1. Just to be sure before I move on: is residue 260 of a type outside the set (Gly, Ala, Ser), in a helix (DSSP H, G or I) and surrounded by 17 or more Cβ atoms within 10 Å (Cβ to Cβ) in the structure I sent?
2. Which of (1) free of Cβ contacts under 8 Å to residues at least 60 places away in the same chain; (2) assigned to a loop (DSSP other than H, G, I, E, B) is the odd one out, the single condition residue 44 does not satisfy?
3. What are the pairs with Cβ atoms under 9 angstrom where one residue, in the range 220-232, is among the basic types (Lys, Arg) and the other, located anywhere, is surrounded by 19 or more Cβ atoms within 10 Å (Cβ to Cβ) and assigned to a strand (DSSP E or B)? Sequence gap at least six, or different chains.
4. Out of the residues in the range 118-147 that are among the polar types (S, T, N, Q) and at pLDDT 95 or above, which is nearest to residue 214 (Cα to Cα)?
5. In the range 98-111, is there at least one residue being touching a Leu at 6+ places or on another chain (Cβ under 9 Å), crowded, with 16+ Cβ neighbours inside 10 Å and polar (S, T, N, Q)?
6. Sort through 63, 74, 82 and tell me the only one that's in a helix (DSSP H, G or I) and either in contact (Cβ under 8 Å) with a residue 12 or more places away in the chain or more than 22 Å from residue 169 (Cβ to Cβ) (or both).
7. Which numbered condition in (1) in contact with a Pro (Cβ under 9 Å, 6 or more places away or on another chain); (2) buried (at least 19 other Cβ atoms within 10 Å of the Cβ); (3) polar (S, T, N, Q) is the only one that residue 196 fails?
8. Restricting to the range 4-39, and then to whatever is exposed (fewer than 14 other Cβ atoms within 10 Å of the Cβ) and among the hydrophobic types (A, V, I, L, M, F, W, C), can you tell me which residue is farthest from residue 79 (Cα to Cα)?
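The values are calculated or read from the model by the stated rules, or taken from the named source; none is laboratory data. Everything quoted here is computed from the prediction, not taken from an experiment. FYI the Cβ positions are ideal-geometry reconstructions off the backbone, even for glycines, and counts take in every protein chain you see.
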Amino acid sequence: MDFAYTDRCNEYRTKLLAFMDECIYPNEALYEEQIAATGNPNHQPAIIEELKIEARSRGLWNLFHPHEQWGPGLTNAEYAPLAEIMGRSPIASESCNCSAPDTGNMEVLTMFGTPDQQDTWLRPLLAGEIRSAFAMTEPDVASSDATNIELSIERDGDHYVLNGRKWWISGAMHPNCQIFIVMGKSDPAASPHRQQSQILVPMGTAGLTVVRPLPVFGYFDQEGHVELRFENVRVPASNMLATEGDGFAISQARLGPGRIHHCMRSIGASGRSAVPRSASGWPSAATSWTGSPRLGSTSRWCACSRSRRRG
């Protein structure tokens, strides 16, 4: 496979790098100051909304979306370098409306949502007006295997009733989080990969409780990784995504691109953290990456590869 940047990718990289230098890095301190001033770690700082307006005006909006009806239509190979760049700052992805878990949720709604579901949830997400969460992981089972999911989704007339627990649900404490995509078991008697379904549950639905934020290595991240409790949560049958039994297939369609996005953002974040900055704010790959005795052979190999590609 040819991993060389396409002309379209290079155009977006140029615009995005300028946006990072001119708008993102200079406002990181202000972002932290605005949060600290409220005493609320989940406060949405005003600077984010300003950056979103600026990003949209520069054509740096919904870059992740591969469907041209809803976004620029970049391929995964074209978007990956952009995700790496945005990963260099904790405020870049949201400023460009490319934050997880919204990116995956928007793709799910694009591929599997009904027109009504898209009008109600996809369009506001694409506009950056609301945020969302994806509820899959559970405390009592190895949730990386989706066939283990136990939260029950039972049909009751024109509704579904949900009972169970979820945890490590990212983004659920964001003040703009309005909708959950919830994965549960709708037919225990079906074949293992047809037992699961995914359904839309609005924030504030009766019986849905945000129990607590959960720490990661003793650290409570902004927007939260929370525990949720579902107690007879009742939602309309029209909230089902695709059809009953499609949950496993939906999760695979969602998580594939998401893994690429996360990995590339992590590369960007680790690169910025590990390497001394040059006068321009970003080191020369040929010198700073390869010259450090702290770097192992794999790191030096990756750095040299990056240097050749950028050259």
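1. no
2. Here residue 44 meets the rest and fails (1).
3. As it stands, the answer is 229/164; 229/166; 229/208, since those pairs meet every condition given.
4. Selected residue: 137.
5. Yes, there is a match, as at least one residue in the range 98-111 is touching a Leu at 6+ places or on another chain (Cβ under 9 Å), crowded, with 16+ Cβ neighbours inside 10 Å and polar (S, T, N, Q).
6. Step by step, each of 63, 74, 82 is checked, and only 82 is in a helix (DSSP H, G or I) and either in contact (Cβ under 8 Å) with a residue 12 or more places away in the chain or more than 22 Å from residue 169 (Cβ to Cβ) (or both).
7. (1)
8. Checking each candidate, the answer is 37.
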